[in-house]
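Visitor: I have a structure here, written as structure tokens, and I will follow up with some questions on it.
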Amino acid sequence: MKTVTMLADSPQDAVRKARQSYGPQAVIKEVRQQSAKGLSRIWRKPKLELLIQIPEPKTAEIPADSSNLEDESQGQTFFQIYQKKIDENPEKASASRPQKNQTASQKQANKWRVEPMLKSMGLSDYWISEILDRLSLRFQNGMPDFVRDELAFCRSLMMELLPAPQTDPRESNRPVVLLGTPGCGKTTVLCKWMAHLVFQRNLTPTIWRLDGIQPNTAESLAVYAEMLQAPITRFPESHSIEQEANQLFIDLPGISIQDSNQVSDLESRLKNLPDCDRYLVLNACYTDTHLSQQIRAFEKFNPKGIIITHLDEDPQWGKLMNLFLGTNFPVALLSGGQNIPGTFEAFRPSSIISRIFPSHLAA
């Protein structure tokens, strides 16, 4: 991908220039405000500086190095790639097969070859046990010849177990309120969601920045709302629900789940808000224990889904798999980094499985 910068007078001007100059494939990755210099700032409005990614022109494809399983070409499945690798390395194939002179107890002791991989990914003992139990049921007649067969089943099983939203939440026009503890990344998610709405759907959101027991100090939300020319108010406006055709975002301060007063206050405030989709925002850098505690504390508010943030800071996708599998709420969105819009995408089980279960682990 090629990266270019561009200046625009407004969000609408930015979208128009990006599409005219680089076509519909252009992706706005970051937007920030650029103020005029010197005395000119008195009469000149700030401009928007855009960071745009455009696809490189297609070139002749270079054959991938067959020694690297990570170079998966399009049109080939994981198993085709792995089988090719095995065919080119007979000694590896023979090493992965059970030896004929092994006793039954030795074979049982070697089960399952995928187990160390599951542990190295950060999966909990509970889910490792669940997966191995399913493996035993799947391969009742004996251990499969290749590790790839065990890996195939594990990947397929995780795909089935992962709950996922039926639709992309960003494509809905229903009002949205984000729930979470202080520092979980709610404000950044709102800014990213606003940018997606403006630049991808050409819509202008409305924001209610409301106080709780604690004041709402999310000043960056007001800054980005001004940049994106989105109206923002400090008080709820009931009449705007019927009149507003675009999406409404409701921002509330994060609460401490150990403070019963804050929890009760949030419950009361949510009852007085219009009907909206509630999403629980979780910081991926927290421990499994903290994440589980937060899910249990917020489940009384019936969140429609979960949004995972700070993914740029936590590479342990296997640890997150424990969260994905251990909750009744589907993971809706994934967010990483502070850049707006930056990394902000809908949750796709296939993408997560590829990160947690890369094909090179089978080699």
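Visitor: Taking only segment 186-240 into account, find how many residues are in contact (Cβ under 8 Å) with a residue 60 or more places away in the chain and basic (Lys, Arg).
Guide: Going through segment 186-240 one residue at a time, the tally reaches 2.
Visitor: Let me ask you something else. Of all residues in segment 273-308, which are within 22 Å of residue 173 (Cα to Cα) and either of a type in the set (Val, Ile, Thr) or free of Cβ contacts under 8 Å to residues at least 24 places away in the same chain (or both)?
Guide: 281, 306, 307, 308, listed by residue number.
Visitor: What residue, among those in segment 305-351 that are touching a strand residue (DSSP E or B) at 6+ places or on another chain (Cβ under 7 Å) and of a type in the set (Asp, Glu), is farthest from residue 177 (Cα to Cα)?
Guide: 312
Residues are listed down the side, and each one gets a yes or a no for (1) hydrophobic (A, V, I, L, M, F, W, C); (2) in contact with a Phe, Trp or Tyr (Cβ under 8 Å, 6 or more places away or on another chain); (3) closer than 17 Å to residue 354 by Cα:
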position: 307; (1), (2), (3): yes, yes, no
position: 310; (1), (2), (3): no, no, no
position: 319; (1), (2), (3): no, no, yes
position: 322; (1), (2), (3): no, yes, yes
position: 328; (1), (2), (3): no, no, no
position: 334; (1), (2), (3): yes, yes, yes
position: 337; (1), (2), (3): no, no, no
position: 340; (1), (2), (3): yes, yes, no
position: 343; (1), (2), (3): no, no, no
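Visitor: Could you run through segment 137-154 and say how many residues are in a helix (DSSP H, G or I), in contact (Cβ under 8 Å) with a residue 12 or more places away in the chain and not aliphatic (A, V, I, L, M)?
Guide: Count: 5.
Visitor: Would you confirm whether or not segment 206-213 contains a residue that is over 27 Å from residue 341 (Cβ atoms) and modelled with pLDDT of 80 or more?
Guide: yes
Visitor: Let me ask you something else. With the structure loaded, tell me whether residue 105 is surrounded by fewer than 17 Cβ atoms within 10 Å (Cβ to Cβ), modelled with pLDDT of 80 or more and on the phi < 0 side of the Ramachandran plot or whether it fails that test.
Guide: So residue 105 does not fit the description; no.
Visitor: While we're on this one: If the requirement is being modelled with pLDDT of 85 or more, not assigned by TED's automatic domain parsing to the domain that holds residue 112 and not acidic (Asp, Glu), which of these qualifies: 301, 329?
Guide: Just a single option satisfies the conditions, and that option is 301.
The values are calculated or read from the model by the stated rules, or taken from the named source; none is laboratory data. In this text, all values refer to a predicted model and were calculated from it rather than measured experimentally. As a convention, Cβ positions derive from the backbone with ideal geometry for all residues, glycine included, and neighbour counts pool all protein chains shown.
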